[in-house]
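Notes for the one structure printed next.
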Amino acid sequence: MERIKILFFAEAVTLAHVGRPIALAQSLDPTRFDVHFACADGFDFCFTGTHFTRWRLDSIPSSQFLKALAGGKPVYNTATLARYVEDDLRVLDVVKPDLVVGDFRLSLSVSARLRGIPYVSLMNAYWSPHVMQHYSVPHIPLTRLVPIRIANALFRMARPIAFASHSIPLNRVRRQFGLPSLGTDLRKVYTDADYSMYADVPDLFPPKSLPQQHAYIGPIIWAPPLPKPDWWDDVPTDKPIVYVTLGSSGQGRLLPLVLDALSTLPVTVIAATAGTIDVASAPANAFVANYLPGDLAARRAALVICNGGSPTSQQALVAGVPVLGIAGNLDQFLNMSGVVKAGAGVTLRADRFRKKQLLRQVRAMLDNRGMTAAARQVAIAFSRYPTAQRMADFLEGVRAFHRIVPLRHLAAQSGKGEPPQDGQPHMVSAEH
C-alpha cells in the first residue's frame, strides 16, 4: 500500500504548539504514513528519539508572542504572515505532501490553498466557531485599571471589536494572494482549514452544528523526552503530592510565590519551571527541575497546579486528578471553563494572585472527594477517545476522499474558506 505523505507544521511560539504535533507525528504507523515535520529552531530537545524528516521554518520569537498576548495586541502583522506564506510554500514545494497538518500556523490558510493541498488544522475545541464558549477577560492592561467585574463586562462588549482587529492581518494577506476574507470572527481566522481535528472531547466542550469535516480526536498527552531529575525516585509519599508547573506562557514568574505558599501545608511538591525562571532556593518540601515528565508527575499527584492550559490540564485529567489553573491568557481561561463546568477544577486569576487565596483553594481541593470523582469521570470520557487511532482514521479518510475528488481552490471559489458539504466523507464525529 502506498504510504500517505503527511507534513506537520508547528508554530514554535510555545512548547505546546510544538509538543502536540510531535506527539501525533510519532504515533503514526510508519508503514502507513511518510511523516515530515516543519518547525523553527528553539525546541530541538523535543525531537529526541523522533524518526520523521524535519524541515526548518521561520517563526516569531516566543517572547514576541507572549508580549503580544499580555498586551492584548494581534500576535502577527501583515508582513510577518506574508513572509510565513512564502516560507510555507518553499517547504511545500520540496516535500509535496498529500496532506498538511498545522498547529497554529495561520499562514497555511493561504499557502496550502495556493498549492491545492488538503489542510487539516489541529486545535482546541474551545476556539472553534462550532463549539460553545464562555469568555472571561484575560490578563490585559484593562484588568490593571478596574475591578474584574467591570473589566469582564467591558470585555464582553468590546470582544467582537477586538476579535475583528486581530483578524485584519490574515485577511489582508489572503487578499494579497487572491483569496477572500474570512470575516471578523477571530475564531474563524484562527481555525480556518479544510478539515479540523479537535484535541479535546465533547464532554468538556460540546459542539453546536458540527460540520462533518470536523472531528474530536481526544486529548494529546506528551512530555519532553528528557531524563528524570536525580530526586525523582526519592520523593516521599507520606503526604499528598502537589504537582506544580506554570508552563511557558507567562505565569512562570509566580512559581516562587506558589512554592512559598505551599511550604506551609502538609504536602510534598514536585515542580517544573519550564525553563522560564530560576528558583534559587526551593522550600524544604519542594523538589524542582526545569522539566518533568508531566504525565507521570500527574499520576503521582493528588492535585495539579498549572497555568490552566490544555496540555497540563489534560495530563492531570487523564490521570483523574483535579486541576487548579492560575490563568492569564484567553486560551487558558477558555480551557478552564470546560474543566470547571465538569466539576474537575478551579480557576484563579494570575493578575489577582494572592497566596492566602491559593492556600484556601488548595486545602479545599485536597479535601474535596467530589472534585476528584469528577476528574475521574473526565478520565473515563478521555478513555473513549483513543487519540492516535482517531487521528489516523481521520487522515486516511481525508486522503481517500481526495483521491477521488482532488481539492480545488475551494476557499477562492466558495468565498468561505471551507470545502462544500455535499459529497464529503463522513468523518469521526462527536457522537462516535
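The values are calculated or read from the model by the stated rules, or taken from the named source; none is laboratory data. All values derive from a computational prediction rather than experimental measurement. So basically every Cβ, Gly included, is an ideal-geometry build from the backbone, and we count neighbours across all protein chains shown.
Structure data summary
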{"item": "Residue match in the stretch 11-19 (condition: of a type in the set (A, V, I, L, M) and surrounded by fewer than 19 Cβ atoms within 10 Å (Cβ to Cβ))", "result": "no"}
{"item": "Subset of the stretch 141-187 that is of a type in the set (A, V, I, L, M) and touching an Asp or Glu at 6+ places or on another chain (Cβ under 9 Å) - its residue that is nearest to VAL85 (Cα to Cα)", "result": "LEU170"}
{"item": "Matching residues, the stretch 209-236, being farther than 20 Å from ARG390 by Cα and either free of Cβ contacts under 8 Å to residues at least 40 places away in the same chain or outside any loop (DSSP other than H, G, I, E, B) (or both)", "result": "PRO227, ASP230, TRP232, ASP233, ASP234, PRO236"}
{"item": "Residue match in the stretch 171-182 (condition: under 21 Å from the mean Cα position of the chain (by Cα), buried (at least 19 other Cβ atoms within 10 Å of the Cβ) and of a type outside the set (A, V, I, L, M))", "result": "no"}
{"item": "Set VAL318, VAL288: member being more than 13 Å from VAL244 (Cα to Cα) and of a type outside the set (D, E, K, R)", "result": "VAL318"}
{"item": "Only one of PRO211, PRO129, PRO147, PRO206 that is surrounded by fewer than 23 Cβ atoms within 10 Å (Cβ to Cβ) and over 27 Å from PHE382 (Cβ atoms)", "result": "PRO147"}
{"item": "Residue, farthest from GLY252 (Cα to Cα), within the stretch 317-334, restricted to residues that are surrounded by 20 or more Cβ atoms within 10 Å (Cβ to Cβ) and of a type in the set (Gly, Ala, Ser)", "result": "ALA319"}
{"item": "Close pairs (8 angstrom Cβ cut-off, 6 or more residues apart or separate chains): farther than 16 Å from TYR76 by Cβ in the stretch 174-186, in a loop (DSSP other than H, G, I, E, B) anywhere", "result": "LEU179/GLY417; PRO180/GLY415; PRO180/LYS416; PRO180/GLY417; ASP185/PRO129"}
{"item": "Counted residues, the stretch 380-405 - those being more than 12 Å from GLY218 (Cα to Cα), exposed (fewer than 14 other Cβ atoms within 10 Å of the Cβ) and touching a residue at least 24 places away in the same chain (Cβ under 8 Å)", "result": "1"}
{"item": "Unique residue being out of contact with any Leu (no Cβ under 7 Å at 6 or more places or on another chain), buried (at least 17 other Cβ atoms within 10 Å of the Cβ) and either closer than 27 Å to ALA274 by Cα or in the same structural domain as ILE22 (by TED's automatic domain parsing) (or both) when the list is ILE168, ILE140, ILE161, ILE220", "result": "ILE140"}
{"item": "Filtered residues of the stretch 34-78 (kept if within 20 Å of the chain's Cα centre (by Cα) and over 28 Å from GLY252 (Cα atoms))", "result": "PHE37"}
{"item": "Search result, residues across the stretch 116-167 that are touching a helix residue (DSSP H, G or I) at 6+ places or on another chain (Cβ under 6 Å), over 29 Å from ILE22 (Cβ atoms), β-branched (Val, Ile, Thr) and not in a helix (DSSP H, G or I)", "result": "VAL137"}
{"item": "Residues located in the stretch 335-348, provided they are surrounded by 24 or more Cβ atoms within 10 Å (Cβ to Cβ) and within 27 Å of LYS73 (Cα to Cα)", "result": "ASN335, MET336, GLY338, VAL339"}
{"item": "Exclusive hit being charged (D, E, K, R) and buried (at least 24 other Cβ atoms within 10 Å of the Cβ), set ASP200, ASP185", "result": "ASP200"}
{"item": "Residue satisfying all of: in the stretch 277-316; surrounded by fewer than 19 Cβ atoms within 10 Å (Cβ to Cβ) and polar (S, T, N, Q); modelled with the lowest pLDDT among these", "result": "SER281"}
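To keep it simple, each residue is scored yes or no on (1) within 22 Å of ARG159 (Cβ to Cβ); (2) surrounded by fewer than 19 Cβ atoms within 10 Å (Cβ to Cβ); (3) modelled with pLDDT under 95.
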{"residue": "THR48", "(1), (2), (3)": "no, yes, yes"}
{"residue": "TRP55", "(1), (2), (3)": "no, yes, no"}
{"residue": "ASP58", "(1), (2), (3)": "no, yes, yes"}
{"residue": "SER63", "(1), (2), (3)": "no, yes, yes"}
{"residue": "LEU66", "(1), (2), (3)": "yes, no, yes"}
{"residue": "LEU69", "(1), (2), (3)": "yes, no, yes"}
{"residue": "ASN77", "(1), (2), (3)": "yes, yes, no"}
{"residue": "ARG83", "(1), (2), (3)": "no, yes, no"}
{"residue": "ASP88", "(1), (2), (3)": "no, no, no"}
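Residue-wise test of (1) modelled with pLDDT under 95; (2) of a type in the set (Val, Ile, Thr).
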position: THR347; (1), (2): no, yes
position: GLN361; (1), (2): no, no
position: ILE404; (1), (2): yes, yes
position: LYS416; (1), (2): yes, no
position: PRO425; (1), (2): yes, no
position: ALA430; (1), (2): yes, no
